[in-house]
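The values are calculated or read from the model by the stated rules, or taken from the named source; none is laboratory data. Everything numeric here is computed off the predicted structure, so don't read it as measured data. Cβ: placed from backbone, ideal geometry, glycine included. Neighbour counts: every protein chain shown.
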Amino acid sequence: MKLFDPSLAFYKGNTHAHTTDSDGRATPEECMRQYKAAGYDFLAITDHWHVHGEGNYHGMLIVPGAEYDFPFPAQTLHLVCLFPDEKLSAVIRRDCTHREVIRLVNAAGGVAIAAHPAWSLNTTEFLCSLAGVDIAEVYNTMSDEPYNAPRGNAESLLDVAAANGKLYRLAAADDAHFYQGEQCVSYIMVQAEALTVPAILGALRQGRFYASQGPRFKNIEVSGREIFVETSPVSRITFISNAFWIDSRSAQGENLTQRRYTARRDEAYVRIQITDRDGKKAWSNPIALL
């Protein structure tokens, strides 16, 4: 089974950005201009409790979105929510609980993403309890150094959640605020039938995407417990699962472009992580194994 359809195009997008409509330092126009210049196909401007509507910026699709935050005693929850139509977000009010927001977003045909879970100090138990949220940010540029405390990378946290039964699909996003180098760094590659809001949201719900900072996945095939991956030239290909130790699960070298891996019986899922010579990464979604 091929996880990617060779007949469908990939679209590069950022699903998390802020502007002067909340606490960002760039105007919406400036934000869109920078992402368009960097070659993005779509962008969601997700200001806090403020929805930006669908649009088209010189060929770059604008997906309606907003970010909603919910404080808890020892952690916080930030939900990046994408909508098929900005009018459908009108039912979300500031007195809504996080569970109500998740329910309303899904009922509207939208997508809810758990933002920067490591930065938010989310616990495994909390992440596993988020019914209706199937995507989490494995990497958030703004939540890492030099812009923030070094909690932008949520790989290990999401692996623990996966080992406990919650297999989040993995997104990467910038969460741009300052526009001092954190913009246009981390993104998702979405394989959709068209560059439209319904097609992008549908692909996100179906898991037809991967997260990246530069490296590309060209092909992932699954046959039983055997996984084959083809990539752009990278320096490391690693297969990561709930198993603690597996010899040769990570290959290192120059210009690696493919690798085959056979999962053991005790591996409930496998995800693939690739790293190029500059240290930039890409993350596949976890693959559930029967």
Within the range 142-183, how many residues are crowded, with 21+ Cβ neighbours inside 10 Å and closer than 23 Å to residue 22 by Cα?
-> 12
With the condition kept exactly as written, say whether any residue in the range 251-263 is modelled with pLDDT of 95 or more, of a type in the set (A, V, I, L, M, F, W, C), surrounded by 17 or more Cβ atoms within 10 Å (Cβ to Cβ) and under 23 Å from the mean Cα position of the chain (by Cα).
-> no
Filtering the range 55-74 for residues that are more than 20 Å from the chain's Cα centre (by Cα) and either surrounded by 17 or more Cβ atoms within 10 Å (Cβ to Cβ) or at pLDDT below 95 (or both) leaves a count of 1
Subset of the range 141-200, residues among the hydrophobic types (A, V, I, L, M, F, W, C) and assigned to a strand (DSSP E or B), comes to 170, 171, 172, 173, 176, 188, 189, 190, 192
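Restricting attention to the range 5-27, and to residues there that are within 17 Å of the chain's Cα centre (by Cα) and assigned to a loop (DSSP other than H, G, I, E, B), which single residue is farthest from residue 112 (Cα to Cα)?
Among them, the one singled out is 18.
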Residues satisfying the stated conditions in the range 225-243, i.e. more than 19 Å from residue 288 (Cβ to Cβ) and either at pLDDT below 95 or polar (S, T, N, Q) (or both) = 231, 232, 235
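Hey, among 121, 130, 77, which residue is closer than 25 Å to residue 164 by Cα, surrounded by fewer than 23 Cβ atoms within 10 Å (Cβ to Cβ), touching a His at 6+ places or on another chain (Cβ under 6 Å) and not basic (Lys, Arg)? If you could, list the steps in order and put the result at the bottom.
Details: 121 fails: touching a His at 6+ places or on another chain (Cβ under 6 Å); 130 fails: touching a His at 6+ places or on another chain (Cβ under 6 Å).
Sole residue among the options that is closer than 25 Å to residue 164 by Cα, surrounded by fewer than 23 Cβ atoms within 10 Å (Cβ to Cβ), touching a His at 6+ places or on another chain (Cβ under 6 Å) and not basic (Lys, Arg): 77.
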Surrounded by fewer than 20 Cβ atoms within 10 Å (Cβ to Cβ) and without any contact (Cβ under 8 Å) to a residue 24 or more places away in the chain: does that describe residue 247?
-> yes
Go through the residues of the range 37-44 one by one and say whether even a single one is touching an Asp or Glu at 6+ places or on another chain (Cβ under 9 Å) and under 24 Å from residue 190 (Cβ atoms).
-> no
Filter result for residue 228 (on the phi < 0 side of the Ramachandran plot and either charged (D, E, K, R) or surrounded by fewer than 16 Cβ atoms within 10 Å (Cβ to Cβ) (or both)) | yes
If we keep only residues of the range 131-140 that are part of a loop (DSSP other than H, G, I, E, B) and free of Cβ contacts under 8 Å to residues at least 40 places away in the same chain, then the residue nearest to residue 27 (Cα to Cα) is 132
Those residues of the range 51-100 which are in contact with a strand residue (DSSP E or B) (Cβ under 6 Å, 6 or more places away or on another chain), free of Cβ contacts under 8 Å to residues at least 60 places away in the same chain and in a loop (DSSP other than H, G, I, E, B) amount to 51
Mind listing just one residue for me: the one in the range 102-130 that is within 19 Å of the chain's Cα centre (by Cα) and in a helix (DSSP H, G or I) and, of those, nearest to residue 211 (Cα to Cα)?
-> 127
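Within the range 206-219, identify whether any single residue is over 21 Å from residue 253 (Cβ atoms) and surrounded by fewer than 20 Cβ atoms within 10 Å (Cβ to Cβ), and answer yes or no. It would help to see each step written out before you state the result.
So the first thing to find is which residues in the range 206-219 are over 21 Å from residue 253 (Cβ atoms), and the list is 206-211.
With the extra rule that they be surrounded by fewer than 20 Cβ atoms within 10 Å (Cβ to Cβ), the set shrinks to 206-207.
Yes, there is a match, as at least one residue in the range 206-219 is over 21 Å from residue 253 (Cβ atoms) and surrounded by fewer than 20 Cβ atoms within 10 Å (Cβ to Cβ).
Matching residues to (1) assigned by TED's automatic domain parsing to the domain that holds residue 267; (2) in contact with a strand residue (DSSP E or B) (Cβ under 8 Å, 6 or more places away or on another chain); (3) modelled with pLDDT of 95 or more; (4) under 28 Å from residue 84 (Cα atoms):
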site: 170; (1), (2), (3), (4): no, yes, yes, yes
site: 177; (1), (2), (3), (4): no, no, yes, yes
site: 180; (1), (2), (3), (4): no, no, yes, no
site: 184; (1), (2), (3), (4): no, yes, yes, yes
site: 187; (1), (2), (3), (4): no, yes, yes, yes
site: 197; (1), (2), (3), (4): no, yes, yes, yes
